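Structure record follows, encoded as structure tokens.
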Amino acid sequence: MNFLAEIRSRFAKSLHSLTGFEGDVAPVLEQIRPSDGKFGDYQANCAMPLGKQLGKPPREIAAALVESLDVADLCEVPEIAGPGFINLKIKDEAITTALAAAAKDTQHLGVPQAAEPRCMVVDYSSPNVAKPMHVGHIRSTVIGAAIANVLRFLGHKVITDNHIGDWGTQFGMIIYGYKHFVDESALAKEPVAELSRLYKLVNSLVEYHGAKTSGLPAINERIAKQEQTVAELSAAEPTGDKKADKQAAKKLRQAEAALGDLRKEKESIEKKIAAVDEDATLAAMAAEHATIGRAVLDETAKLHADDVTNKELWNKFLPACMDEIQKTYDRLNVSFDHTLGESFYHDRLAAVVTDLQQRGLATESDGAMCVFLEGFAAPFIVRKQDGAFLYSTTDLATIAYRLEEWQPDAILYVVDHRQGLHFEQLFATAKQCGCENVELEHVSFGTVLGEDGKPYKTRSGSAVGLMGLLDEAVDRARAIADESPVLTTDDERQQVAERIGIGGIKYADLAHNRTSDYTFSYDKMLAMNGNTAAYMQYSYARVRGIFGKAKVTEEQALAGADSISIDSPEERALAMQLLRFAEALDKVVEDYRPNHLTAYLFDLAQAYATFFQNCPVIKAETEELKSSRLALCALSARTLETGLGLLGIECVERM
Ligand code: ARG
């Protein structure tokens, strides 16, 4: 049962009978929301805006709505309060009936299945496989998997696709690295470590030359311009007009701040250069490989042109890279229906550009093939001057393939917010090529920050390697497990540590509103109190503990759900919270935000704790009451386990 959805649909009918109402019902129905329980379980706030719209007193509108509202099977008689709020209290009988039904529905716990299932492609994780995966990729992996799970749970058809970067410049880098710097015996023994060393080495040399030849001159030019602006602004004479002078002073301060930022940027570029210059071996390599930037692009172009040697090397390296990312997926316990990487679309890229040309959408500009889009300052480039295709071209080919192969209603891209412009341009282009009816959505997320407020890095300064990060979380979680009096064997402690550690990282990624940045902190994510995985797992274990003490299985406890009593306020509050699972899941898919589900589960754990404090279970006054309360415990355990499961978080039996 989804009370909120049900009440909204009853209101929709009632709205139609309202004289003079002709508008869109959806925004009106949004004014019907869960409330805190003091004045009822739900509150409809639509009479006020409707009153304005229809030019009638809101209380009159509220009375008319209530008059035609058919909710007698669900709610007590609706009450009108204040200027025209409609308060709705769910009948106890409706609650207990819904709980009994939830207990019988072992698969979905009474959560209604989508009336019109949609076919949704979810593109997530999608790392560039020749580079070590980093903390941003966990966020995509964890958020994407949770969204896919929830959509599936609600009855939608979901196709997950890991759009790995297995074809780009990074392969040019390892091919170049292999040709010039490889240690064959290391490659034979530990291919992934050697490839990663080659990637990092070549990348640092490319960055070094890039910084020297273009990064530094460019920043110097920008600094000079900004210095001039600052000089001009500070030379301006006061006009005597207070307001204008104040504004001028503000402008000057802003210009100075911008100059400060640019100087900092220059410092960091200089640091990069110095890191190579100060290392004799690296400096010698850099001198010897002065044209490495161009050379890497050439190696990439040769690979794309089916050069035999480069293709062979690619075929040799790819499996090692895939094994490496698979290790991470195994550890995170995620999988994909498809892993169609960039290389898969290679043959289709030329056709994408031809098609755009034929449609008159792509035109040549400075030798590059561009799509000029209304509302965008820069064009969407689909073929570079040198003939190379780009990330954009591959993504267009990918959309075409997905539409042809799966006919989806929506494609969701769970990708870092920094790619926002790319997706805006991609979607705008795709819309012009005949996919107006597909929902294309960039499910973006913010950066994971270190405690210094900058993108999270390890002490050594490199972007954090994923495996090391997971290991550390598990090591720290082991301390929690070691303190537990109920975990007796080493194996058991290790298993719990693994679940708390990995769960902690996942939960932190999910519980923060995805669009904001968040600060990565082991201490916070592993805390036993607050909205954390450890707290949720502990709550679950505590619920499960009851069954042992009562000497019943969870299934046996669940059988009592046919006659649950909700006479005390704590029982009723827990019951209502259990039944709000469906509402929480609806909210997750509404704007693809899993934090609605973590918030719901946290509230559920708290409602359970309050219930447990106030309502004796094993020592309940009567056998009937004991059975009823055990059933509430069983439903709480099921809902917590199912909800956490959708988030990819495993529970523990004891901790
Ligand atoms: N490989 C890209 C990266 O690591 C993300 C790809 C996202 N998916 C897509 N269809 N563009 O930045």
Residue ID - surrounded by the most Cβ atoms within 10 Å (Cβ to Cβ), chosen from residues in the range 159-191 that are within 28 Å of the chain's Cα centre (by Cα) and hydrophobic (A, V, I, L, M, F, W, C): 171
Where residue 356 falls short, out of the listed (1) without any contact (Cβ under 8 Å) to a residue 12 or more places away in the chain; (2) within 28 Å of residue 433 (Cα to Cα); (3) in a helix (DSSP H, G or I); (4) not polar (S, T, N, Q): (1)
Only listed residue being out of contact with any helix residue (DSSP H, G or I) (no Cβ under 9 Å at 6 or more places or on another chain), without any contact (Cβ under 8 Å) to a residue 12 or more places away in the chain, farther than 30 Å from residue 295 by Cα and open to solvent by 40 Å² or more (accessible area, probe 1.4 Å), chosen from 237, 221: 237
Hits in the range 392-429 - residues which are more than 10 Å from the ligand (Cβ to nearest atom) and open to solvent by 40 Å² or more (accessible area, probe 1.4 Å): 400, 403, 404, 405, 407, 409, 417, 421, 424
The one condition in (1) open to solvent by less than 40 Å² (accessible area, probe 1.4 Å); (2) without any contact (Cβ under 8 Å) to a residue 60 or more places away in the chain; (3) among the acidic types (Asp, Glu) that residue 41 fails to fulfil: (2)
Residue in the range 464-477 that is within 30 Å of residue 346 (Cβ to Cβ) and open to solvent by less than 30 Å² (accessible area, probe 1.4 Å) present: yes
In the range 122-139, residue farthest from the ligand (Cβ to nearest atom) [restricted to those that are surrounded by fewer than 24 Cβ atoms within 10 Å (Cβ to Cβ) and small (Gly, Ala, Ser)]: 136
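Condition check ((1) open to solvent by 60 Å² or more (accessible area, probe 1.4 Å); (2) more than 16 Å from the ligand (Cβ to nearest atom); (3) touching a Pro at 6+ places or on another chain (Cβ under 9 Å)) across all residues:
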site: 60; (1), (2), (3): yes, yes, no
site: 67; (1), (2), (3): yes, yes, no
site: 77; (1), (2), (3): yes, yes, no
site: 84; (1), (2), (3): no, yes, yes
site: 89; (1), (2), (3): yes, yes, yes
site: 96; (1), (2), (3): no, yes, no
site: 100; (1), (2), (3): no, yes, no
site: 120; (1), (2), (3): no, no, yes
Enumeration of residues in the range 352-391 that are within 16 Å of the ligand (Cβ to nearest atom) and surrounded by fewer than 18 Cβ atoms within 10 Å (Cβ to Cβ): 391
For residue 204: the one exception among (1) buried (at least 19 other Cβ atoms within 10 Å of the Cβ); (2) touching a residue at least 60 places away in the same chain (Cβ under 8 Å): (1)
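The values are calculated or read from the model by the stated rules, or taken from the named source; none is laboratory data. As the structure is a computational prediction, the values presented were derived from the model and not from experiment. Positions of Cβ are backbone-derived with ideal geometry, glycine not excepted, and every protein chain shown enters the neighbour counts. Please note that ligands, DNA and RNA were not included when accessible areas were found on the heavy atoms of the full protein model with its side chains. Shrake-Rupley method; radii C 1.70, N 1.55, O 1.52, S 1.80 Å.
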